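Colleague: Before I ask anything, let me first share the structure, which is written out below as structure tokens.
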């Protein structure tokens, strides 16, 4: 899964994997909370748009999957004698949220929400790919590969939902704007090994 397939404009700094490996407790803690927040995001979308049948049907199994991922991370931490730390502020996601257009209706806001979810999944997929390729621990490489595959599927699902509701041209135009903005966010952010994003 290359950046070009995901559409990301800026690759993750190569130093990130090495920094992440320095303290597995920190990166796994952040990973756990990312999975938890992904679960919550899907539940929130279902609650906000129960009338969007395709959305409800697509996201319902993802809720279960993401919560399963949270439990997988907890199990991995326990196996390694690590404890779940405190949740930290997610600067990356907060910056993306601030970029959302102020929409007049809940239906218009849906496009923004779906694209933000797609972008978070795409960046997560890219970073899981890096860990699956370059992590020194062979077991973790295999473990992270499973997450990479899942995130790729979620990214595709959110884009397809957006295209189904708002059309391919409108979705692609706004998606390109989000990709450009996301690259700018990463350029400004410090490279930290204790954050998934």
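Quick note: the coordinates plus some simple rules give every number you see, no bench work behind them. This is a predicted model, so every value here is computed, not measured. All Cβ positions, glycine included, derive from the backbone under ideal geometry; neighbour counts span all protein chains shown.
Colleague: Out of curiosity, is residue 103 touching a residue at least 40 places away in the same chain (Cβ under 8 Å), in contact with a helix residue (DSSP H, G or I) (Cβ under 9 Å, 6 or more places away or on another chain) and within 25 Å of residue 185 (Cα to Cα)? So that I can check it myself, show each step before the final result.
Modeller: On the way: touching a residue at least 40 places away in the same chain (Cβ under 8 Å): no; in contact with a helix residue (DSSP H, G or I) (Cβ under 9 Å, 6 or more places away or on another chain): yes; within 25 Å of residue 185 (Cα to Cα): yes.
Spelling it out, it is not the case that residue 103 is touching a residue at least 40 places away in the same chain (Cβ under 8 Å), in contact with a helix residue (DSSP H, G or I) (Cβ under 9 Å, 6 or more places away or on another chain) and within 25 Å of residue 185 (Cα to Cα).
Colleague: Do we find a residue being out of contact with any strand residue (DSSP E or B) (no Cβ under 7 Å at 6 or more places or on another chain), closer than 24 Å to residue 16 by Cβ and loosely packed, with under 13 Cβ neighbours inside 10 Å anywhere in region 96-103? Give the derivation first.
Modeller: So the first thing to find is which residues in region 96-103 are out of contact with any strand residue (DSSP E or B) (no Cβ under 7 Å at 6 or more places or on another chain), and the list is 96-103.
Now restrict to residues that are closer than 24 Å to residue 16 by Cβ: 96-99.
Then drop every residue that is not loosely packed, with under 13 Cβ neighbours inside 10 Å, which leaves 97-98.
Looking through region 96-103, at least one residue is out of contact with any strand residue (DSSP E or B) (no Cβ under 7 Å at 6 or more places or on another chain), closer than 24 Å to residue 16 by Cβ and loosely packed, with under 13 Cβ neighbours inside 10 Å.
Colleague: Inspect all residues belonging to region 120-137 and state whether any of them is more than 22 Å from residue 88 (Cα to Cα), part of a helix (DSSP H, G or I) and more than 17 Å from the chain's Cα centre (by Cα).
Modeller: From region 120-137, those more than 22 Å from residue 88 (Cα to Cα) are 129-130, 132-137; that's our starting set.
Those still in the list that are part of a helix (DSSP H, G or I) too: 129-130, 132-134.
Retained after the next criterion (residues that are more than 17 Å from the chain's Cα centre (by Cα)): 133-134.
Scanning region 120-137, I find at least one residue that is more than 22 Å from residue 88 (Cα to Cα), part of a helix (DSSP H, G or I) and more than 17 Å from the chain's Cα centre (by Cα), so the answer is yes.
Colleague: I've got another one for you. Can you tell me which residue in region 151-162 is farthest from the chain's Cα centre (by Cα), limited to those that are surrounded by 21 or more Cβ atoms within 10 Å (Cβ to Cβ) and closer than 17 Å to residue 65 by Cβ?
Modeller: Within region 151-162, the first condition is being surrounded by 21 or more Cβ atoms within 10 Å (Cβ to Cβ), and the residues that meet it are 151, 154-155, 158-159, 161-162.
The next check asks that each one be closer than 17 Å to residue 65 by Cβ; those that pass are 151, 154-155, 158, 161.
On the way: 151: 7, 154: 9, 155: 8, 158: 11, 161: 16 Å.
So, considering only residues that are surrounded by 21 or more Cβ atoms within 10 Å (Cβ to Cβ) and closer than 17 Å to residue 65 by Cβ, the one farthest from the chain's Cα centre (by Cα) is 161.
Let's see how each residue does on (1) within 21 Å of residue 72 (Cβ to Cβ); (2) in contact (Cβ under 8 Å) with a residue 60 or more places away in the chain; (3) crowded, with 20+ Cβ neighbours inside 10 Å:
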{"residue": "111", "(1), (2), (3)": "no, yes, yes"}
{"residue": "119", "(1), (2), (3)": "no, yes, yes"}
{"residue": "139", "(1), (2), (3)": "yes, no, no"}
{"residue": "164", "(1), (2), (3)": "no, yes, no"}
{"residue": "184", "(1), (2), (3)": "no, no, no"}
{"residue": "191", "(1), (2), (3)": "no, yes, no"}
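Colleague: Let me ask something additional. Applying the selection to region 73-82, what residues are surrounded by 11 or more Cβ atoms within 10 Å (Cβ to Cβ) and assigned to a loop (DSSP other than H, G, I, E, B)?
Modeller: Residues of region 73-82 that are surrounded by 11 or more Cβ atoms within 10 Å (Cβ to Cβ), as a first pass: 73-74, 76-78, 80, 82.
Residues satisfying the conditions are 80, 82.
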